[in-house]
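Written out below as structure tokens is the structure these notes cover.
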Amino acid sequence: MKQLLAWYDANHRSLPWRLNPDPYWVWISEMMCQQTQIATVLPYFERWMARLPSVESLAAASIDEVLALWQGLGYYRRARSIHAAANLIAAQGWPSSAKEWALLPGVGRYSSAAIASTTLGEPVALVDGNVERVFARLTACPEGKPALQRLAWTWAEENLHQPDPGRWNQALMELGALVCRPKTPLCDECPVRAHCRAYALGTSEAFPVASAKPETISLDLTLSVHRLNGKVALVQQPEGEWWTGLWTFPIQKGSPTQKALGTVRAQVTHHKLSLHICLVDESPSDARWAEENELHAVAMPAPIRRAWSIVLRDG
Ligand code: SF4
């Protein structure tokens with residue numbers, strides 16, 4: 001599929017970490033792009049590199065500063081993993097293979113292959129959501145997940161373009177992102193349509209075959225906002241909670257017993273949250289007082305920050 005590489009060379013997006021495929025830049029971009037769209041990542045990436053331009057500066061930064069820079073990207077475990085990995089890299093040096101990359105916190109099979117094939121030229125295949133969809137359509141794969149994932153990895157390994165694995169992997173992912181899109185794929189512009197079974201069948205959008213989704217669970221939670229003398233009470237979410245390490249207003253399960261000031265809706269994994277905001281005049285013993293005019297620098301999840309905007313507007 002030489003056409004794919006030629007198409008990639010002519011059409012790929014110009015992204016900072018492609019212009020500068022330095023291990024630090026590629027690693028941070030891969031971590032930020034997990035479960036987040038590139039357009040959202042770009043301003044975060046630029047802000048991050050301006051503040052933490054090297055792995056040494058990242059290792060020396062506090063976890064609070066790292067979480068504050070990450071704020072709004074969601075899936076905060078990624079930020080904690082990056083910080084832990086930076087300390088390992090600063091002490092031991094950069095990994096020299098995909099296997100070594102995969103030993104670092106937060107770096108899985110996909111990320112280690114993406115980083116090693118791009119920065120080291122190591123011939124390792126990868127599968128992300130884009131490659132999985134391209135594979136499903138090219139082969140008209142009748143399987144849904146998890147069999148689809150397994151077959152996609154085997155296909156990617158068998159079809160890896162050994163002389164230029166980094167460019168090949170990027171090309172497959174870019175094809176999925178720009179042409180073989182989830183909805184309305186641009187088959188007429190596709191460089192590999194001559195090899196595509198789904199296209200030949202006239203059923204491109206029927207692949208990948210849908211797999212059963214986990215049931216969505218609705219949850220009511222109450223946010224207790226305690227304000228006093230220009231300060232507000234916050235608690236730090238413990239290990240094992242959705243927002244580990246981040247600061248929130250005290251959260252109780254269930255709907256409030258008093259009239260709520262407002263409600264913020266949010267989705268976390270397969271949970272649909274309704275966060276009801278209540279103004280209260282007491283807070284738990286483990287709460288800490290934060291200056292209201294310094295809340296912008298505190299690492300808070302986006303839904304909690306939205307709740308705070310409602311308090312400022314209507315409280
Ligand atoms: Fe995807 Fe269409 Fe190209 Fe097939 S021809 S790989 S369905 S964009």
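The values are calculated or read from the model by the stated rules, or taken from the named source; none is laboratory data. As the structure is a prediction and not an experimental result, all values here were calculated from the model. Virtual Cβ from ideal backbone geometry, glycine too; neighbours counted across all protein chains shown. Just the protein is used for accessible areas: all its heavy atoms, side chains included, with ligands, DNA and RNA removed. Shrake-Rupley method; radii C 1.70, N 1.55, O 1.52, S 1.80 Å.
Can you pull out every residue in the stretch 276-294 that is outside any strand (DSSP E or B) and buried (at least 17 other Cβ atoms within 10 Å of the Cβ)? Full working, then the answer.
As a first pass, look at the stretch 276-294 and keep what is outside any strand (DSSP E or B): 281-287, 292-294.
If the condition is that a residue be outside any strand (DSSP E or B) and buried (at least 17 other Cβ atoms within 10 Å of the Cβ), then Ser283, Ala287 are the ones that fit.
Does Ser29 satisfy being assigned to a helix (DSSP H, G or I), closer than 20 Å to Val127 by Cβ and open to solvent by less than 30 Å² (accessible area, probe 1.4 Å)?
When the stated conditions are applied, Ser29 passes them.
For Thr184, all conditions in the list (1) of a type in the set (S, T, N, Q); (2) in contact (Cβ under 8 Å) with a residue 24 or more places away in the chain; (3) within 11 Å of the ligand (Cβ to nearest atom) hold save one; what is the number of the exception?
Status for Thr184: all satisfied but (2).
Scan the stretch 226-243 and report the pairs whose first residue is under 13 Å from Trp308 (Cβ atoms) and without any contact (Cβ under 8 Å) to a residue 60 or more places away in the chain and whose second residue is assigned to a loop (DSSP other than H, G, I, E, B) and of a type in the set (Ser, Thr, Tyr), with Cβ atoms within less than 6 Å and a gap of 6+ or a chain change.
Cβ pairs passing all conditions: Ala233/Ser283.
Just a yes or no: is a residue in the stretch 207-228 near the ligand (Cβ under 10 Å from one of its atoms) and more than 28 Å from Ala116 (Cα to Cα)?
yes
Could you please find all residues in the stretch 119-128 being away from the ligand (no atom under 16 Å from the Cβ), outside any helix (DSSP H, G or I) and surrounded by 17 or more Cβ atoms within 10 Å (Cβ to Cβ)?
Correct list: Leu120, Glu122, Pro123, Val124, Ala125, Leu126.
Considering each residue of the stretch 102-118, count those that are open to solvent by 40 Å² or more (accessible area, probe 1.4 Å) and either over 28 Å from Ala266 (Cα atoms) or assigned to a helix (DSSP H, G or I) (or both), and give that number.
Residues that pass the stated criteria total 5.
Report, ordered by the first and then the second residue, all pairs with beta carbons closer than 6 Å, sequence separation of six or more or different chains, a first member in the stretch 200-215 that is under 11 Å from Cys187 (Cβ atoms), and a second member that is part of a loop (DSSP other than H, G, I, E, B) and open to solvent by less than 50 Å² (accessible area, probe 1.4 Å).
Correct list of pairs: Ser204/Pro185.
Being under 17 Å from Gly129 (Cβ atoms) and in contact with a Phe, Trp or Tyr (Cβ under 7 Å, 6 or more places away or on another chain) is the filter here; which residues of the stretch 176-217 pass it?
Ala198 - this is the single residue of the stretch 176-217 that is under 17 Å from Gly129 (Cβ atoms) and in contact with a Phe, Trp or Tyr (Cβ under 7 Å, 6 or more places away or on another chain).
Inside the stretch 221-273, counting only strands (runs of 3 or more DSSP E) that do not spill past its ends, which hold 2 or more residues that are closer than 20 Å to Asp286 by Cβ and open to solvent by 20 Å² or more (accessible area, probe 1.4 Å)?
Counting at least 2 such residues, we get 231-236, 251-253.
How many of the residues making up the stretch 244-302 are aromatic (Phe, Trp, Tyr) and closer than 12 Å to Thr222 by Cβ?
1
So which residues in the stretch 94-110 are over 21 Å from Glu56 (Cβ atoms) and either among the charged types (D, E, K, R) or in contact (Cβ under 8 Å) with a residue 60 or more places away in the chain (or both), if there are any at all? Can you show your working first?
Of all residues in the stretch 94-110, those over 21 Å from Glu56 (Cβ atoms) come to 97-99, 102, 108-110.
Answer for the stretch 94-110, where residues must be over 21 Å from Glu56 (Cβ atoms) and either among the charged types (D, E, K, R) or in contact (Cβ under 8 Å) with a residue 60 or more places away in the chain (or both): Lys99, Arg109.
Of the residues that sit in the stretch 187-197 and are within 6 Å of the ligand (Cβ to nearest atom) and assigned to a helix (DSSP H, G or I), which one is surrounded by the most Cβ atoms within 10 Å (Cβ to Cβ)?
This residue is Arg193.
Any idea which of Leu175, Leu148, Leu138 is closer than 17 Å to Tyr8 by Cα, open to solvent by less than 50 Å² (accessible area, probe 1.4 Å) and among the aliphatic types (A, V, I, L, M)?
Working: Leu148 fails: closer than 17 Å to Tyr8 by Cα; Leu138 fails: closer than 17 Å to Tyr8 by Cα.
Matching residue, one of Leu175, Leu148, Leu138: Leu175.
Pick out, from the stretch 37-101, the helices (runs of 4 or more DSSP H) lying fully within it that include 3 or more residues that are over 29 Å from Ala177 (Cα atoms).
Those helices (runs of 4 or more DSSP H) span 55-60, 63-70, 77-92.
Only residues that are under 30 Å from Leu295 (Cβ atoms) and exposed (fewer than 12 other Cβ atoms within 10 Å of the Cβ): list them for the stretch 198-220, please.
Scanning the stretch 198-220 gives Ile217, Ser218.
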